[in-house]
Amino acid sequence: MEHLVLVLSSIVFFFILLHCIKLYRNRRMPPGPTGLPIIGNLLDLGPKPHESLAKLSKKHGPLMTIRLGSITSVVASTPYAAREILQRNDESCSGRTVPDSVAVMGCHDVAVLWISANEEWRTIRKALNSFLTHQHKLDTLRELRENVVDGMLDFLRESGRKNEYVDIGKLAFAVALNQMSNTCLSRDVTSYESDDIGGFKTAVKTLMELDGKFNIADIFPVLKPLDPQNIRRQAKEAYVWFDKVTEGFISERLKHRVSKLPRFGDMLDSLLDYSEEKETNFSLVHIKILLVDLFLAGTETSSNTTEWAMTELLLNPDMFSKVRKEVSTIIEKDGKIKEAKILDLPYLNAVIKETMRLHLSVPLLAPHKTETEVKLGKYIVPQNTQILVNAWAIARDPEYWDNPLMFKPERFLGNVVDYKGQHFEFIPFGSGRRMCPGIPLAHRVVSLMVASFVYHFDWKLPHAREEMDMNDIFGLTLLRATPLMATPIPINY
Ligand code: HEM
């Protein structure tokens with residue numbers, strides 16, 4: 001009997017101790033809004049979490065704790081707080097939380113977007129960088145990307161001839177898909193006319209939508225087997241489709257390589273070369289999943305930025321004219337725009353940067369997670385805490401940006417502030433080890449599209465400029481709430 005009392009009191013003591021440790025730790029977490037039982041701060045977030053979090057941070061501070069169901073998150077809302085996470089504690093804060101829609105295929109532990117920043121992730125990033133960070137390798141496929149734009153111009157001229165409105169975001173999405181597919185696989189994967197049911201456009205759009213959707217099962221993991229919003233099932237269908245298609249591309253390419261015909265010199269060749277290097281543990285499975293991740297990470301982000309840039313230029317005719325004048329200085333004799341020549345146009349670059357500041361494509365970056373307990377400023381944040389960096393709020397912080405809600409590309413002229421992760425007041429691509437590896441390609445794709453839209457066409461809006469809807473919709477990327485429609489009027493120079 002004495003023995004039993006001893007065991008029971010030890011158990012009780014153990015649980016009290018555990019509870020005290022938890023309370024102690026929570027006391028050292030950043031402050032935050034008081035939540036409701038079970039759902040926590042869910043109702044505080046609303047349909048636009050980037051805006052709600054920005055407002056909450058004004059009351060609770062630059063580092064703030066929020067709780068959604070069983071998920072605790074720390075939110076950073078100033079450049080200083082972002083630096084604390086992405087630079088000073090980069091390694092400890094470099095994990096990822098994996099949404100249920102992604103976990104469905106069981107491949108997230110080899111996918112560059114979702115894997116922890118471990119040795120395997122380093123290998124995948126190295127394989128990726130061996131192509132993406134080499135300007136001369138990107139240059140090899142320049143002509144293919146320029147051909148994609150030629151196809152887009154033909155489509156626009158035809159629409160102009162018929163006096164038809166064009167959905168600029170939808171078109172930019174198809175172009176960005178083909179830019180990505182030509183960079184990765186030296187081929188087009190979609191056309192501009194069709195809706196592409198059952199094809200690439202549908203698969204990428206479906207996955208972007210599902211991965212960006214609020215899923216109750218993500219905050220209450222007990223619901224995962226029930227899949228209450230049917231997200232898992234739909235995501236699985238799209239992933240299975242992608243899996244089959246990319247497997248087909250790889251096996252076709254492997255046959256081509258055996259045939260000793262000339263290499264394509266694209267990303268797939270580069271990844272296969274890397275996988276054949278003896279000391280790397282980089283397999284065909286990595287390549288297959290990486291190709292899917294690149295389409296997901298690099299397509300809608302680029303088209304979305306292009307659509308917002310065009311929205312602002314159509315609202316600001318002076319800026320539109322300045323871009324056109326600048327682009328006209330680098331036009332080839334055949335009237336074409338060469339990718340290589342637009343990369344250093346200062347005003348075009350300033351327009352694109354200002355678009356990325358005011359209409360951040362990925363407003364909360366991809367959620368990070370603490371890999372260990374970590375000290376952020378004066379707070380202690382436990383392992384496995386989700387970290388959200390509100391890059392959207394940071395890019396509109398009046399302490400750093402004069403008149404932050406105004407679209408003013410001039411602020412970037414003669415200004416060293418860049419998006420390469422060194423200036424924490426402007427981090428549309430993130431910073432630190434998980435920073436976007438696609439910057440050089442994104443720069444090319446977006447610049448070429450915007451320059452071509454502006455140089456080759458005047459545009460007629462279906463409504464007065466003042467009636468332009470500037471609302472956005474929160475998802476994996478910040479989309480325009482109303483598609484940008486305009487009629488292209490071809491210019492004959
Ligand atoms: C305007 C276009 C783009 C924007 C705004 C953008 C933005 C971002 C952001 C914010 C992240 C998350 C950073 C973080 O978690 O801290 C990211 C990650 C990533 N991006 Fe991009 N991106 C763009 C284009 C591209 C392109 C063209 C590619 C591919 C060539 C690409 C590939 C990736 C990959 C693979 C990751 C995951 C990196 C990792 O987790 O290690 N992105 N991007």
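Some notes on this structure:
- Projected label points at K213 and R122, each 7 Å from Cα along the beta carbon direction, are separated by 3.8 nanometres.
- The chain: calculated mean residue ellipticity at 222 nm from DSSP helix runs of at least 4, using -39500 (n - 2.57): -15500 deg cm²/dmol
- Shape call, the range 112-243: gyration tensor on alpha carbons, a/c limit 1.5: oblate
- Taking each residue as 0.36 nm, the span from K236 to K341 lengthens on full extension beyond its C-alpha to C-alpha distance by 33.6 nm.
- Scoring 143-150, 183-190 by mean Cβ neighbours within 10 Å over their residues and listing the highest first yields 183-190, 143-150.
- For a modelled paramagnetic label at V416, 7 Å from Cα along Cα-to-Cβ, no residue of the range 337-362 is in reach, as no backbone nitrogen comes under 14 Å.
- Applying both filters, DSSP loop and at most 16 other Cβ atoms within 10 Å, to the chymotrypsin sites (Phe, Trp or Tyr not before Pro) of the range 359-424 gives Y400.
- Charging the Cβ of each Asp and Glu at -1 and of each Lys and Arg at +1, and nothing else, the dipole of the chain about its Cα centre rounds to 820 debye.
- Oblate is the label for the range 31-490, because the ratio a/c of its alpha-carbon gyration tensor axes (a ≥ b ≥ c) is 1.5 or higher and a/b is not greater than b/c.
- Computed from the C-beta positions of D402 and A464, the FRET efficiency with R₀ = 41 Å rounds to 0.90.
- Across the chain, the mean sequence separation of Cα contacts (distance under 8 Å, 6 or more residues apart), normalised by length, yields a relative contact order of 23 percent.
- Remark: V222, V175 ranked as V222, V175, counting other beta-carbon atoms within 10 Å and listing the fewest first.
- Leading residue at positive end of dipole, the chain (Cβ point charges), from L405, L376, V148: L376
- Principal-axis tilt of helix 284-298 within the chain, Cα atoms, nearest 10 degrees: 70
- Highest mean packing first, where packing is the average number of other Cβ atoms within 10 Å per residue, the peptides 351-363, 88-100 line up as 351-363, 88-100.
- Applying a DSSP loop filter and a limit of 15 other Cβ atoms within 10 Å to the GluC sites (Glu not before Pro) in the range 235-282 leaves E277, E279.
- In the chain, the longest principal axis of the Cα atoms and the axis of helix 267-276 are about 50 degrees apart.
- Taken as Cα centroids, the range 43-99 and the range 368-446 sit 12 Å apart, rounded to the nearest whole angstrom.
- Ranked list, fewest to most other Cβ atoms within 10 Å of each Cβ, for D402, D218: D402, D218
- Partner lysines whose Cα lies under 18 Å from the Cα of K244, excluding those fewer than 8 positions away in the same chain, are identified as K201, K205, K236, K255, K288.
- Degrees, to the nearest 10: 231-258 long Cα axis against longest axis of the chain: 60
Computed from the coordinates by the stated procedures, all read-outs in this text should not be read as laboratory data. Because the structure is predicted, anything quoted here is derived from the model rather than measured. Methodologically, a virtual Cβ is constructed for each residue, glycine included, from the backbone with ideal geometry; neighbour enumeration extends over all protein chains shown.
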